[in-house]
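The block underneath contains the structure these notes are about, expressed in structure tokens.
The values are calculated or read from the model by the stated rules, or taken from the named source; none is laboratory data. Quick caveat: nothing in here was measured; it's all calculated off a predicted structure. Here the Cβ positions follow ideal geometry from the backbone for every residue, glycine too, while neighbour counts run over all protein chains shown. Remember, those area values only see protein heavy atoms, side chains included, never the ligands or the DNA or RNA. Shrake-Rupley method; radii C 1.70, N 1.55, O 1.52, S 1.80 Å.
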Amino acid sequence: MKYSLTVLIVACVVSCSNDDKSFDLPVKPLVYVYPQAEYHKAGSILVYTPGTELFDGIIHPAAGLYERYFDIDKAADEHRKYISMLESQGCTVHTVTNTLLSMPHDRLFKLAEASISYDVSNLSLSEQEAQALYKYDVLASMSNSDLVRIIINRPTVVLKESGINTGFEAQYVHEPLMNMYFLRDQSITTPKGHVMCRMNSSQRAPEVDIIEACYEQLGEPAIYRVKGEKSHLEGGDYIPFGTLSLIGQGLRTNQEAIDELLENDCFGHDTVVVVRERWKDQHQMHLDTYFNVIDKDLCTMCFNRYDAKGKDDVNYLTMDMYVRPDNQKAYQLDSTNSGKGFREFLESRGVKIIRISKEDADHYANNFLTVDARHIMSVAGQSKDLEAEYAKNNVQVAWVPLDNLIGGYGAAHCMTQVLSRGR
């Protein structure tokens, strides 16, 4: 197993009296590794604070994969406050922007070069050739900050010859990465390392290259990238759960991608549970939008999934289990546990499920981030009933104001990629 570079040594000791001739015993250092379980203490986290690239999304929310209009300046402020709250919980936060800015200029140049186009179809053949060199020279002269702007905004410059002034005029078309702040989705981080996804939506596909480059810059290169032409994988469908890997199969992640992960030994757990859902609605597009983990024996589930009574209900969750016997690489379908109801499976293992009401589910209550066992960061503004349920189960909650950011169809969990957790 590959270990994360981050190690936290807890600087406290167990004091003993000199009268019994004993000595101070150091506490065992807490080592952060790739996540084994969602309820282990969060260490380092990668996030992206959104900027003006959100504007194109909010002028037509549906085309931007958003739920509704929201104020993009307030959204950016909310994200910065969320980072501060994560740091106050002891997390080390890396931002995509700062990681990109720290790259060597030539590496950033290559990312930017792939993100900008000069449309020269209206120019003469000789001028088309000249513009290729011109674009190279312009990019080579740019600061890292401007190269990052190109990477995020993905401009196309549509050129025409004007015959006056500088000789050219242009129209500017952008395909900005307006969903980049949902940093959960471009990859999954299993006990073995980072696996790059293959996004379901064409608008989001370029994000994967950028996050893969960030992992390289952080010294944690990806161990695999989903390749299959029919494979689709998004990170919100993956949750590590102790000895299990949970992977959702529904609107955004398909069986072809899951098979690819199994065949290439990406999960790092010997047991993989595929949670199958048939509703396939944007409001519950990923596993982490209708199910989440608080502790080894405590989780949440949205009302419609919790209340579903059987396979005739499109909201009813079923599961298949894949296991890998000792000393074998290949996973096999466990027919004994496959085909069961997912809720029933959890409860048979002694896991208590907190039911998330429709009122709270509509405000993204289920999409919280667990930063330690029974310690979560959740969207502020949930019901008193849910607050009471958390208190009854000894769950500590940090309430995060995210009223604008959730307009993009996601919340605290969706906005983070946890790179390491304590062991």
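Secondary-structure-derived ellipticity at 222 nm for the chain, considering helices only, amounts to -7500 deg cm²/dmol, per-run term -39500 (n - 2.57) for DSSP H runs with n ≥ 4. Quick note on segment 216-291: its Rg to Rh ratio, both from C-alpha atoms and Rh being the Kirkwood radius, is 0.98. As a length-normalised measure over Cα pairs under 8 Å and 6 or more apart, the relative contact order of segment 238-308 settles at 33 percent.
Of the DSSP H helices in the chain, those that are both long (alpha-carbon extent of 18 Å or more along the helix axis) and hydrophobic (Kyte-Doolittle mean at least -1.0) are 72-88, 125-141. With N as its number of residues, segment 242-354 has a Cα radius of gyration that, divided by 2.2 N^0.38 Å, comes to 1.04.
Could you compute the net charge surrounding Ala130? Neighbours are other residues with a C-beta less than 13 Å from the C-beta of Ala130; K and R count +1, D and E count -1. Net local charge, Ala130 excluded: -3. Three semi-axes describe the equivalent ellipsoid of segment 311-362; taken as square roots of 5 times the Cα gyration tensor eigenvalues and ordered largest first, they are 29, 13, 10 Å.
On a per residue basis, segment 191-312 carries 34 Å² of accessible surface, using protein heavy atoms and a 1.4 Å probe. Taking the alpha-carbon centroid of each part, what is the distance from segment 120-142 to segment 332-382 in angstrom? Centre-to-centre (Cα) distance: 53 Å. Summarising the amide proton neighbourhood of Tyr118: residues at separation of 5 or more, or on other chains, whose placed amide H is nearer than 5 Å comprise Val157. Taking the dipole about the Cα centre of segment 168-320, with the C-beta of Lys and Arg at +1 and of Asp and Glu at -1, give me whichever of Ser231, Leu244, Phe168 is farthest to the positive side. Highest projection toward the positive end goes to Leu244. In straight-distance terms, cross-link reach from Lys160 covers every one of the lysines whose alpha-carbon lies under 25 Å from its own, apart from those fewer than eight places away in the same chain; here that gives Lys135. Based on the alpha-carbon gyration tensor of segment 192-250 and its eigenvalue square roots a ≥ b ≥ c, which shape applies: rounded if a/c is under 1.5, prolate if not and a/b is larger than b/c, or oblate? Verdict is oblate for segment 192-250. Expressed in units of 2.2 N^0.38 Å, where N is the residue count, the Cα radius of gyration of segment 23-147 is 1.58.
If the chain linking Ser124 and Leu30 were pulled fully straight, counting 0.36 nm for each residue of separation and taking away their Cα-Cα distance, it would gain 27.4 nm. Here the extension length gained between Lys309 and Thr156 equals 49.9 nm, from 0.36 nm per residue of separation less the Cα-Cα distance. Computed over all pairs of different Cα atoms, the Kirkwood value for the hydrodynamic radius of segment 298-423 is 16.6 Å.
Computed log10 I(q)/I(0) for segment 80-221 at 0.09, 0.16, 0.18 Å⁻¹: -0.37, -0.94, -1.11, from the Debye equation with unit scatterers placed on every C-alpha and solvent omitted.
Taking 21 Å as the cut-off for C-alpha to C-alpha distance, list the pairs among Lys41/Lys340; Lys280/Lys340; Lys41/Lys192; Lys296/Lys392; Lys74/Lys110; Lys296/Lys352 that go past it. With Cα atoms farther than 21 Å apart: Lys41/Lys340; Lys74/Lys110. Straight-line reach from Lys358: taking Cα to Cα under 16 Å and skipping same-chain neighbours fewer than 8 places apart, the lysines in range are Lys384.
With contacts taken as Cα pairs under 8 Å at a separation of at least 6 residues, the chain carries a relative contact order of 20 percent. Excluding ligands, DNA and RNA, the accessible surface per residue across segment 364-413 is 33 Å² with a 1.4 Å probe. Along its first, second and third principal axes, ordered by size, the chain spans 88, 66, 49 Å in Cα coordinates. When a 1.4 Å probe is rolled over the protein heavy atoms, the share of accessible surface on segment 58-156 that falls to carbon and sulfur comes to 51 percent. Loop-resident chymotrypsin sites (Phe, Trp or Tyr not before Pro) (DSSP state other than H, G, I, E or B) in segment 108-139 with no more than 14 further Cβ atoms inside 10 Å of their Cβ are absent.
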